[in-house]
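**Q** Here it is, the structure in full.
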Amino acid sequence: MVDFFAFFALRRKRDMRPEKGDLQLLRGHNRGLIVRLLRTRGPMSRTQLSRMSGLAPSGLTRLVRDLLDEGLIEELGKCRSHGGRRAVLLGFNPSYAYTIGIKVERQRIRAAQVNLEGTILERRDTALPDSLSPEAVFDRIVETVASLRRGRVLGVGVGISGLVDSSRGVDLYSPILAWRHVEVARPLGRRLGLRTWVENDVNTLTLAERLYGAGRPFKHFVCLTVGEGIGAGVVLQGELYHGAFGGAGELGHMTMDPQGPLCRCGARGCLEVYTSDGYLESQARKLRFADIAHLAAAARDGSDDARRTFAEMGRSLGQGAKNAVNLLNPEAIVLGGERMEDADLFMASFEHEVRQNAFPEEARELKILHAELGPDGFLVGAAALATENFLRLPLESP
Ligand SMILES: [Zn+2]
């Protein structure tokens with residue numbers, strides 16, 4: 001904000017008359033400031049808004065009038081203010097527009113229409129086509145989006161597992177679709193007639209937890225997903241951290257034992273080998289249980305072998321998390337993913353391992369939390385890719 005005003009002051013100094021583009025940019029910036037304040041801090045009066053934004057009341061009144069006309073903000077009734085006068089409260093209007101979030105899974109596409117505060121209004125599940133060619137999958141996405149599309153839709157976000165270059169909108173490698181270097185955002189956006197983003201699915205979940213879930217209070221946290229694979233999304237300075245090529249957060253393939261069993265990635269002894277559903281399934285078979293659900297039931301009934309299996313898995317997961325903690329020094333670890341339904345069986349050993357061996361200062365302050373949004377987080381976060389882009393500064397007039 002400060003930089004922007006410095007830039008504006010510089011221009012004014014140089015040629016004394018601001019150019020039309022500068023004024024538009026400044027207006028967009030101030031509009032965005034108002035909307036973002038109302039969205040993040042909740043409803044407030046014009047006086048409070050003027051104080052918090054630093055905008056003079058006269059300028060603020062004009063901007064507020066325009067935003068009210070457009071429907072981006074709304075009047076919510078009156079509150080008591082000082083001097084006995086009652087002031088009108090202004091609020092962000094989450095139903096001003098919608099975005100659509102999509103998750104491409106192994107056999108289906110999940111999609112949802114989401115409002116601007118992350119509430120799912122409608123959802124669709126569609127089976128993936130037999131052919132997993134980009135064109136066939138795009139066809140299915142186009143149909144799904146068409147069936148969900150109501151009102152003003154700002155854009156579409158797509159979450160896919162694997163390596164995604166979100167800045168260029170390219171799926172670099174997706175094991176479930178067997179795609180390599182597939183351009184997604186541009187061709188799909190053209191077909192939809194909507195701006196489209198693509199992102200790694202664990203990152204979409206992380207973004208949802210950052211905006212609406214357990215990650216809200218933190219600028220630095222790691223979101224760890226446990227289930228079929230082990231994934232991680234990293235938030236640093238309040239933003240998703242992608243790394244140089246979009247591959248940050250591949251915690252599941254951290255080497256735990258170079259002599260260990262072969263991982264599906266081709267390396268040996270990856271964290272995933274000791275902590276994913278594949279591990280629990282193989283241990284269940286060894287102990288003569290039908291599947292993970294039976295293993296978990298036995299553990300809860302007091303079977304020592306079954307309990308030990310989950311404790312061991314939690315300890316290994318804790319070792320991996322501890323490495324991430326020592327590397328990134330996050331404020332919190334947020335755990336999500338399907339296997340969290342058995343969290344009661346592995347969280348104690350997980351937490352013990354993380355706190356036991358991480359550096360003492362970091363371990364004391366570190367929060368260990370459950371993700372709040374469940375599987376919906378994937379959809380809400382994908383939709384938020386479009387929402388966040390719309391609400392960033394400067395906010396253009398529609
Ligand atoms: Zn691996």
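This table checks each residue for (1) surrounded by fewer than 24 Cβ atoms within 10 Å (Cβ to Cβ); (2) touching a Phe, Trp or Tyr at 6+ places or on another chain (Cβ under 9 Å).
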{"position": "GLY189", "(1), (2)": "yes, yes"}
{"position": "ALA208", "(1), (2)": "no, yes"}
{"position": "HIS220", "(1), (2)": "yes, no"}
{"position": "GLY227", "(1), (2)": "yes, no"}
{"position": "GLU239", "(1), (2)": "yes, no"}
{"position": "ALA248", "(1), (2)": "yes, yes"}
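**Q** Moving on. Tell me, which strands (runs of 3 or more DSSP E) lie completely within segment 95-183 with 1 or more residues that are over 22 Å from the mean Cα position of the chain (by Cα) and at pLDDT 95 or above?
**A** In segment 95-183, the matching strands (runs of 3 or more DSSP E) lie at 120-127, 179-183.
**Q** When you scan segment 31-46, do you find a residue that is touching a strand residue (DSSP E or B) at 6+ places or on another chain (Cβ under 9 Å), assigned to a strand (DSSP E or B) and closer than 29 Å to LEU207 by Cα, even just one?
**A** yes
**Q** Do we find a residue being surrounded by 14 or more Cβ atoms within 10 Å (Cβ to Cβ), in the same structural domain as PRO175 (by TED's automatic domain parsing) and closer than 17 Å to LEU379 by Cα anywhere in segment 129-137?
**A** Checked against the condition, which is being surrounded by 14 or more Cβ atoms within 10 Å (Cβ to Cβ), in the same structural domain as PRO175 (by TED's automatic domain parsing) and closer than 17 Å to LEU379 by Cα, segment 129-137 yields no hits at all.
**Q** Consider VAL354 carefully, then state whether it is in contact with a Lys or Arg (Cβ under 7 Å, 6 or more places away or on another chain), assigned to a helix (DSSP H, G or I), aliphatic (A, V, I, L, M) and in the same structural domain as PHE218 (by TED's automatic domain parsing).
**A** yes
**Q** Hey, another quick one. Limited to segment 204-263, what total is found for residues that are within 12 Å of the chain's Cα centre (by Cα), without any contact (Cβ under 8 Å) to a residue 60 or more places away in the chain and outside any strand (DSSP E or B)?
**A** 4
**Q** Still on this model: Please go through segment 329-354 and pick out each residue that is of a type in the set (A, V, I, L, M, F, W, C), crowded, with 20+ Cβ neighbours inside 10 Å and more than 20 Å from the chain's Cα centre (by Cα).
**A** LEU345, PHE346, PHE350, VAL354
**Q** Give all pairs with beta carbons closer than 8 Å in which a residue from segment 319-330 that is in a helix (DSSP H, G or I) meets a residue that is surrounded by fewer than 22 Cβ atoms within 10 Å (Cβ to Cβ) and not hydrophobic (A, V, I, L, M, F, W, C); count only pairs at least 6 apart in sequence or on separate chains.
**A** GLN319/GLU353; GLN319/ASN357; ALA321/GLU353; LYS322/GLU353; LYS322/ASN357; VAL325/GLU362; ASN326/GLU362; LEU328/HIS220
**Q** Still on this structure, please answer the following. Just one of (1) more than 14 Å from the ligand (Cβ to nearest atom); (2) under 24 Å from GLY381 (Cα atoms); (3) in contact with a Ser or Thr (Cβ under 8 Å, 6 or more places away or on another chain) trips up GLN283, so point out which.
**A** (2)
**Q** Picking from LEU236, LEU271, which residue would you name as being in contact with a His (Cβ under 6 Å, 6 or more places away or on another chain), modelled with pLDDT of 95 or more and in the same structural domain as LEU328 (by TED's automatic domain parsing)?
**A** Going through LEU236, LEU271 in turn, the sole match is LEU236.
One line per residue, one yes/no per condition, for (1) over 25 Å from the mean Cα position of the chain (by Cα); (2) exposed (fewer than 15 other Cβ atoms within 10 Å of the Cβ); (3) outside the structural domain of GLY229 (by TED's automatic domain parsing):
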site	(1), (2), (3)
ILE292	yes, no, no
ASP304	yes, yes, no
PHE310	yes, no, no
MET313	yes, no, no
LYS322	no, no, no
LEU327	no, yes, no
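**Q** Surrounded by fewer than 16 Cβ atoms within 10 Å (Cβ to Cβ), under 32 Å from the mean Cα position of the chain (by Cα) and farther than 15 Å from VAL88 by Cβ: does that describe GLY21?
**A** No, not satisfied.
**Q** Tell me which residues, restricted to segment 42-78, are out of contact with any helix residue (DSSP H, G or I) (no Cβ under 9 Å at 6 or more places or on another chain) and charged (D, E, K, R).
**A** If the condition is that a residue be out of contact with any helix residue (DSSP H, G or I) (no Cβ under 9 Å at 6 or more places or on another chain) and charged (D, E, K, R), then ARG51, ARG62, ARG65, ASP69, GLU70, LYS78 are the ones that fit.
**Q** Kindly indicate whether any position in segment 303-325 is of a type in the set (Val, Ile, Thr) and over 12 Å from LEU224 (Cβ atoms).
**A** There is at least one residue in segment 303-325 that is of a type in the set (Val, Ile, Thr) and over 12 Å from LEU224 (Cβ atoms).
**Q** In segment 357-379, how many residues are modelled with pLDDT of 95 or more and either touching a Cys at 6+ places or on another chain (Cβ under 8 Å) or not in a loop (DSSP other than H, G, I, E, B) (or both)?
**A** Matching residues across segment 357-379 total 9.
The values are calculated or read from the model by the stated rules, or taken from the named source; none is laboratory data. Just so it is clear, the structure is predicted and the values come from calculations on it, not from any experiment. Quick reminder, even Gly has a Cβ in these numbers, built from the backbone with ideal geometry, and neighbours come from all protein chains shown.
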